[in-house]
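Below is one structure, written out as structure tokens; comments come after it.
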Amino acid sequence: MMSTHSALLQVRDLRVDIGERTVLQSVTMDVPKGELVVLMGANGSGKSTLGMALAGHPSYHVASGQALLGGTDLIPLEAHERARAGLFVSFQAPPDVPGVKNNLFIRTAINAVRQARGEDPQDAFDFLSGAKAAAKELGLPATMLSRPVNEGFSGGERKRNELLQLSLMKPKLAMLDEIDSGMDVDGVRAVVKLVERMRGEGTAFIIVSHYLQMIESLQPDRVLRLDAGRIVEEGDIELARGIARTGFKQHAAAAAAATVGA
């Protein structure tokens, strides 16, 4: 994979186990500041595992390898410390958090990140003003801010709520796991618009998606294919188009045949 010493995210030979099973065999990748990488792979190839391992989910054990974000070694850190370091990882299926109001949850997270950056905390007035504006941009009703986190939200609303958190927290790098799943056309457009704006501000992205129309709209710098716990192929938008055209199984077979014949 691309090797850039100045890359924002540097992952080296990352092996991740879930219980007794090794899911990621060895993943190496670099993501510079402001770059957008699309990660594709068949079900079970390890895409979500990569995100959960980077985020510090306790069920995902990093057996070996390294992951640096802005020079900070993520592996020894707790999940909240990784978020403070500038990492944001969305859930493929965002859970409910009963009893915790959305606005309190997001404001607490934002202020924890701001504290880590040496910035003053946001008061309730400034937070609500910014949150309502961001929610409007994402097509999320402002009333969602006063409801418990994701409780009673539709699938699309849950994903837009993830985007709201992303927009307000302003991380260094965001990994979005099938953020388009359950989204309507307007929701997908909101994803593309937000990502485009945040890339301009320096945020780097790893986006897991199978939705070619969104991938084309995002105009990724690179497309990576994950297979059996390894990144086995790197290319541009044509790689995504080829996978969409033939499917993962046929594409993998053709890529293997081409390698043998080379």
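Assorted remarks:
- Number of the exception - Ala63 against (1) part of a helix (DSSP H, G or I); (2) in contact (Cβ under 8 Å) with a residue 24 or more places away in the chain: (1)
- Among the conditions (1) buried (at least 16 other Cβ atoms within 10 Å of the Cβ); (2) not in a loop (DSSP other than H, G, I, E, B), Ala7 misses just one, which is (2).
- Meets criteria (among the basic types (Lys, Arg) and crowded, with 19+ Cβ neighbours inside 10 Å) for Arg107: yes
- Among the residues of the range 30-52, not a single one is in contact with a His (Cβ under 9 Å, 6 or more places away or on another chain), without any contact (Cβ under 8 Å) to a residue 60 or more places away in the chain and more than 28 Å from Arg241 (Cβ to Cβ).
- Comparison of Val23, Val37, Val27, Val100 shows that the only residue that is more than 15 Å from Gln165 (Cβ to Cβ), more than 17 Å from the chain's Cα centre (by Cα) and either in a strand (DSSP E or B) or among the β-branched types (Val, Ile, Thr) (or both) is Val23.
Table: residues versus (1) at pLDDT below 95; (2) in contact with a Phe, Trp or Tyr (Cβ under 9 Å, 6 or more places away or on another chain); (3) under 25 Å from Gly156 (Cβ atoms).
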residue	(1), (2), (3)
Arg199	no, yes, yes
Ile207	no, no, yes
Leu224	no, no, no
Gly235	no, no, no
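- Any chance Gly56 is under 23 Å from Asn150 (Cβ atoms) and out of contact with any helix residue (DSSP H, G or I) (no Cβ under 9 Å at 6 or more places or on another chain): no
- Here Asp96, Asp17, Asp13, Asp73 are screened, and the one residue that is of a type in the set (D, E, K, R) and either surrounded by 15 or more Cβ atoms within 10 Å (Cβ to Cβ) or within 20 Å of Phe205 (Cβ to Cβ) (or both) is Asp17.
The values are calculated or read from the model by the stated rules, or taken from the named source; none is laboratory data. On a predicted model such as this, the values are computed, not experimentally measured, just so you know. Cβ atoms come from the backbone with ideal geometry, glycine included; neighbour counts cover every protein chain shown.
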